[in-house]
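The values are calculated or read from the model by the stated rules, or taken from the named source; none is laboratory data. Just so you know, these numbers come straight off a predicted model, no measurement behind them. Cβ sites come from the backbone with ideal geometry, for glycine too, and all protein chains shown count toward neighbours.
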Amino acid sequence: MAHLPDLPPRLLALGDSAWTLEFGNRIDPAINARVMGLAERVAQARRSEPLLAAVTDVVPTFRSLTVHYDPLEANASALGERLMALAQHGHQDLRAGRQWHLPVCFDADFAPDLPRLAEAKGLRTDDVIERLLAASLRVYMLGFQPGFPYMGGVPPELHMPRLPSPRQQVPAQSLAVAGEMCAVYPWASPGGWHLLGRTPVVLFDLRHADQPTLLSAGDTVRWHAVDRATHDALAAAIASGLPRETFLKVLQ
């Protein structure tokens, strides 16, 4: 596929208490890297520049960054100009996100859509699992629910549209795919993605008050398969306080 040129960043007012900077109009690792680069520079500037002291939150998405600020404390115009200046340096080196190696169980009870997806793609269920385990998934953003990661990098041969009718109840920690995205439902909720497995890892945990979400935009996830007994043992260990760092790996 031909390389598409980078678009200049656009500064958009989001009401009277946020600026959004857009870097493109598609899901693309290079665009997301520019988003995360700006997020990193804003975080650094907040520590040293009084102008950014009024910033209250920074929210990255696939292709844009929204910077929330206190309108009673901020010089909104000057803040917008400074953000645009920071956005011009979108090709600077970006600090790599964390790399996770997370367990997933493909037991039939956890993967009701695995046989249907395999049949639709002319693959065996083991082939689908093999391709999913081989993929390196990039966390583009969090949304829908607290801790819900939108991860790109699903192999093209596994792309499937969402279910025509969403389920009323998806179990928490279900691994699911839709289109080119992979995700995990941190909470039991309705959902229209294809359920292919379940992880024992809790993606949103208030016991970690400093960062209750396990994954962050810019992180990388690789899956490894575990059987049902191992899944259940890990789930019990996590409930008892198994450190998150257990699943933090340097991937080869």
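Structure data summary
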item: Residue in segment 153-168 that is under 16 Å from the mean Cα position of the chain (by Cα), within 16 Å of Trp193 (Cβ to Cβ) and not acidic (Asp, Glu) present; result: yes
item: Identity of the residue in segment 206-244, over 17 Å from Asp109 (Cα atoms) and among the β-branched types (Val, Ile, Thr), that ends up surrounded by the most Cβ atoms within 10 Å (Cβ to Cβ); result: Val221
item: Residue in segment 56-65 that is of a type in the set (Phe, Trp, Tyr) and modelled with pLDDT under 95 present; result: yes
item: Test: residue in segment 126-138 that is modelled with pLDDT of 95 or more and assigned to a strand (DSSP E or B); result: yes
item: Condition met for Arg116 (of a type in the set (Lys, Arg), closer than 30 Å to Pro186 by Cα and at pLDDT 95 or above); result: yes
item: Answer from Gly147, Gly218 - the residue that is in contact with a helix residue (DSSP H, G or I) (Cβ under 6 Å, 6 or more places away or on another chain), assigned to a loop (DSSP other than H, G, I, E, B) and more than 13 Å from Pro103 (Cα to Cα); result: Gly218
item: Test for Leu65: is it touching a Leu at 6+ places or on another chain (Cβ under 6 Å) and surrounded by 13 or more Cβ atoms within 10 Å (Cβ to Cβ); result: yes
item: Any hit, segment 157-175, residues being part of a loop (DSSP other than H, G, I, E, B), over 27 Å from Glu40 (Cβ atoms) and among the hydrophobic types (A, V, I, L, M, F, W, C); result: yes
item: Odd one out for Leu206 among (1) modelled with pLDDT of 95 or more; (2) over 17 Å from the mean Cα position of the chain (by Cα); (3) outside any strand (DSSP E or B); result: (1)
item: Residue, farthest from Asp210 (Cα to Cα), within segment 129-144, restricted to residues that are surrounded by fewer than 16 Cβ atoms within 10 Å (Cβ to Cβ) and either free of Cβ contacts under 8 Å to residues at least 60 places away in the same chain or in contact with a helix residue (DSSP H, G or I) (Cβ under 8 Å, 6 or more places away or on another chain) (or both); result: Glu130
item: Top-ranked residue in segment 1-43 [being in contact with a helix residue (DSSP H, G or I) (Cβ under 9 Å, 6 or more places away or on another chain) and of a type in the set (S, T, N, Q); ranked as surrounded by the most Cβ atoms within 10 Å (Cβ to Cβ)]; result: Ser17
item: Single condition Pro155 does not satisfy, out of (1) touching a residue at least 60 places away in the same chain (Cβ under 8 Å); (2) surrounded by fewer than 17 Cβ atoms within 10 Å (Cβ to Cβ); (3) more than 24 Å from Val59 (Cα to Cα); (4) not basic (Lys, Arg); result: (1)
